[in-house]
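Everything on this sheet refers to the single structure shown next.
The values are calculated or read from the model by the stated rules, or taken from the named source; none is laboratory data. Please read all numbers here as calculations on a predicted model, not as lab measurements. We place every Cβ from the backbone using ideal geometry, glycine too, and count neighbours over all the protein chains shown. Side chains included, ligands, DNA and RNA excluded: accessible areas come from the protein's heavy atoms. Shrake-Rupley method; radii C 1.70, N 1.55, O 1.52, S 1.80 Å.
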Amino acid sequence: MQSVFSFKLRGAYNMMTKLTKEQLEKGVITASAGNHAQGVALGAQRLNCTAKIVMPVTTPEIKREAVANLGGTVVLEGDTFDEAQAHALKLAEKEGLTFIPPFDHRDVIIGQGTIGIEINRQLKDIHAVFVPVGGGGLIAGVAAYFKKIAPNTKIIGVEPFGASSMTLSLHHGERVKLEQVDNFADGVAVALVGEETFRICKDLVDGMVLVGRDAISAAVKDVYEEGRNILETSGALAIAGAEAYCKYYNIKDENVVAIASGANMDFSKLKLVVDLADIGGQREALLATFMPEETGSFKKFCELVGSMNITELTYRFNSGRKQALVLYSVGVHKKSDLEALMLEMMKSSEMNTVNLSNNDLVKEHLRHLMGGRSDPSNEIFCQFIFPEKPGALRKFLDAFSPRWNITLFHYREQGELDASVLVGFQVPKSEMEEFKNQADNLGYSYEIESLNEASKLIIE
């Protein structure tokens, strides 16, 4: 409910108010593709100074316009945040501008920490405060305040599994830089936490919780259903963490607070969030059932699952196999309902059923590929993260084709800056090292998914 729909305004504005008149007259600069950019732009507008915002060229138009509408001058540079920040630091030195960092500065940390003051004013005797963690500015500020005012209140950080830099850093006692970062919760997709934020957090943070995309999406849905507000994925992160923590430790009848840190949801991302939300909230299960490829078997399958609420079902006849595969989603009101269905299926030796609800590859790609089986030799499957920019596909094809035959290609937009792509290749074992080197040199994050049980069940 802040003017720029995120907490980032607090830290940026607090640091900017501490600048001298001369510094403000020269102007400020920062690098950001998201909420910090808008915070700096609005802060500069209120303080009557100029602001340059360096953004990666992959930044969606809606975010560029948001910064421009607040009076900021947008400079596009680089494909990644690191490249944009390097350019911003060069411009700062060249033009005498003051760089406003997104998290690793004392005044920024103090500004974000004002959230702790407001929480304490509104609620006492708090068991735990759950804080989303990216670079660490917000949790460092909130922890510094609470450990002075209410030291018994636990400060719990929350990170996605694929962006767990603070968790790993606290575990190892030193800052750990991630080689790959999951951008699903883009507001916290940080490879390396701040030096100052880590120094504070290692002494004051009581614990960390890691959550998956499903749980984050379920939290977005819960907030919408209860209050008709739509949070961005990083904004719902702490809520997902609070739910997981309280469930694991059986916390009841205690005051807990989760910071909803931002509402700048990219509309194109909503479809993926909706797809993941029901599974994350344990309202839906994704199942695969094998049945004899013979007349009447599909009817028998439907009779077995007839009592369940089926929300999606895909079946494709395959004359070359003895078994057919049905991939389907069922609504789950109680865990016992799912267990009863699985038990009923297992009683029939001809209806073997596998629960794939926790398999990300299935949820993002394979559920859309039923009926696309083939049997090429030496086939492997890889999941790549493509930057959402012109030329990304051409660069990919130039790297692999025609050297290796592409047998499958499925693109899934994730919103924001990148997309998930599942690709099948024909790669002889003798050429695997060469293939991996080529994939590494491409510069796109990737995983070889051939060992994923689901890929074997559904595609092979």
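Summary of computed values
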item: Residue in the range 143-155 that is on the phi > 0 side of the Ramachandran plot, open to solvent by 10 Å² or more (accessible area, probe 1.4 Å) and modelled with pLDDT of 95 or more present; result: no
item: Complete set of residues in the range 185-206 that are open to solvent by 20 Å² or more (accessible area, probe 1.4 Å), not in a helix (DSSP H, G or I) and not charged (D, E, K, R); result: ALA189, VAL190, ALA191, LEU192, VAL205
item: Selected residue (criterion: nearest to ASP266 (Cα to Cα)) from residues of the range 8-29 that are in a loop (DSSP other than H, G, I, E, B) and open to solvent by less than 30 Å² (accessible area, probe 1.4 Å); result: GLY27
item: Residue in the range 398-406 that is out of contact with any His (no Cβ under 9 Å at 6 or more places or on another chain), surrounded by fewer than 14 Cβ atoms within 10 Å (Cβ to Cβ) and modelled with pLDDT under 70 present; result: no
item: Single residue of the range 273-290 satisfying the filter (of a type in the set (A, V, I, L, M, F, W, C) and outside any helix (DSSP H, G or I)) that is most open to solvent (accessible area, probe 1.4 Å); result: PHE290
item: Which numbered condition VAL4 misses (of (1) open to solvent by 20 Å² or more (accessible area, probe 1.4 Å); (2) at pLDDT below 95); result: (1)
item: Pairs where the first residue, in the range 52-68, is in contact (Cβ under 8 Å) with a residue 24 or more places away in the chain and the second is of a type in the set (Asp, Glu) and open to solvent by less than 30 Å² (accessible area, probe 1.4 Å), C-beta under 8 Å, 6+ apart; result: THR58/ASP418; PRO60/ASP266; PRO60/GLU416; ILE62/ASP266
item: Pairs where the first residue, in the range 147-158, is without any contact (Cβ under 8 Å) to a residue 60 or more places away in the chain and closer than 16 Å to GLU118 by Cα and the second is assigned to a loop (DSSP other than H, G, I, E, B) and open to solvent by 10 Å² or more (accessible area, probe 1.4 Å), C-beta under 7 Å, 6+ apart; result: ILE155/VAL205; ILE155/ASP206
item: Filter result (farther than 25 Å from ILE149 by Cβ, in a helix (DSSP H, G or I) and either of a type in the set (Asp, Glu) or open to solvent by 30 Å² or more (accessible area, probe 1.4 Å) (or both)) within the range 224-251; result: TYR224, GLU225, GLU226, GLY227, GLU243, ALA244, LYS247, TYR248
item: Listing of helices (runs of 4 or more DSSP H) fully contained in the range 30-114 that carry 1 or more residues being under 22 Å from VAL181 (Cα atoms) and open to solvent by less than 20 Å² (accessible area, probe 1.4 Å); result: 35-46, 81-95
item: Test: residue in the range 293-303 that is in contact (Cβ under 8 Å) with a residue 40 or more places away in the chain, closer than 19 Å to LEU338 by Cβ and open to solvent by less than 40 Å² (accessible area, probe 1.4 Å); result: yes
item: Boolean, ASN352 is open to solvent by 40 Å² or more (accessible area, probe 1.4 Å), at pLDDT 75 or above and farther than 30 Å from ASP186 by Cα; result: yes
item: Residues satisfying the stated conditions in the range 212-266, i.e. out of contact with any strand residue (DSSP E or B) (no Cβ under 8 Å at 6 or more places or on another chain) and without any contact (Cβ under 8 Å) to a residue 24 or more places away in the chain; result: TYR224, GLU225, GLU226, GLY227, ARG228, LYS247, TYR248, TYR249, ASN250, LYS252, ASP253
item: Test result for LEU270, of a type outside the set (Gly, Ala, Ser), in a helix (DSSP H, G or I), open to solvent by less than 10 Å² (accessible area, probe 1.4 Å) and modelled with pLDDT under 95; result: no
item: Any chance VAL256 is β-branched (Val, Ile, Thr), assigned to a helix (DSSP H, G or I) and modelled with pLDDT of 95 or more; result: no
item: In the range 158-180, residue nearest to ASP278 (Cα to Cα) [restricted to those that are open to solvent by less than 40 Å² (accessible area, probe 1.4 Å) and hydrophobic (A, V, I, L, M, F, W, C)]; result: VAL158
item: Any chance VAL67 is farther than 17 Å from GLU232 by Cα and in contact with an Asp or Glu (Cβ under 8 Å, 6 or more places away or on another chain); result: no
item: Which listed residue, of GLY391, GLY372, is surrounded by fewer than 19 Cβ atoms within 10 Å (Cβ to Cβ) and at pLDDT 70 or above; result: GLY391
